[in-house]
Amino acid sequence: SAVPAAPAESLLSPSASLVAAAATMDASVAALGSVLIARCVDDKPAVRRAALIGFEGWVRTSGARVASSAVNTLRMRCQDTSPQIRKQAIKTLCAVLHADFFSSSVRAAWLAGVLPLLRDPELSVTEAALDALLEAVVQPLAGCAAKPEEAFATVGWALLQKLTAESE
């Protein structure tokens, strides 16, 4: 007796499945974000890094809110064994922060993920964390020197408040 052939879709890798779904317009914006986050925990560092880069682009262009589980996944990538993944996780978390800086879970993940990397043994990771700190906290606050009352509306101030509240 003949064994029925498996559908062609089941033989495709997750990435190829995504491309096939996008080609047929079956993929939604949310589904794309979910697939990218799922790939952020892949065994291969190159796949994790590509997924982080893709997710950063997705955040910048989709306008969709990032689920707290996805934010947590990004925070965990800041502890990855690969320095390249840690650097990209910083960039991706910064993109999420800029897209939704009013979200307390995003601010908490940024603080818990990025700030510890200021002491990373890998110099390039430390530099990326310093750049992120400068961009997210220092520059927005410095831009308010002429009108200090505007500082309260910046992402930098919100991060400082969250950091202060957690340290008390």
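The values are calculated or read from the model by the stated rules, or taken from the named source; none is laboratory data. Quick caveat: nothing in here was measured; it's all calculated off a predicted structure. Every residue, glycine among them, receives a Cβ derived from its backbone with ideal geometry; neighbour counts consider all protein chains shown. Accessible surface is based on the protein model in full, side chains and every heavy atom, while ligands, DNA and RNA are left aside. Shrake-Rupley method; radii C 1.70, N 1.55, O 1.52, S 1.80 Å.
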Could you name the lysines whose alpha carbon sits less than 29 Å from that of LYS162, not counting residues in the same chain fewer than 8 places away?
LYS87, LYS91, LYS147
Residue by residue through the range 95-104, which ³J(HN,Hα) values in whole Hz follow from phi under the Karplus form 6.51 cos²θ - 1.76 cosθ + 1.60 (θ = phi - 60°), with glycine and proline marked x?
5, 5, 4, 5, 6, 8, 6, 7, 6, 5
So for the pair LEU130, THR61, with labels modelled 7 Å out along Cα→Cβ, what separation do we get in nm?
3.3 nm
Label point at GLU122 placed 7 Å out along Cα→Cβ; residues across the range 70-89 whose backbone nitrogen lies under 14 Å
77-89
Ranked packing of 104-113, 57-66, 87-96, most packed first, by mean Cβ within 10 Å:
87-96, 104-113, 57-66
Rounded to the nearest 10 Å², the accessible area of ASP120 at probe 1.4 Å
20 Å²
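Return the FRET efficiency for the residue pair ALA46, ALA146: r is the Cβ-Cβ distance, R0 is 41 Å, and the value is rounded to the nearest 0.05. Kindly include the intermediate steps, with their values, before the conclusion.
Working: r = 46 Å, r/R0 = 1.12.
Rounded to the nearest 0.05, the efficiency is 0.35.
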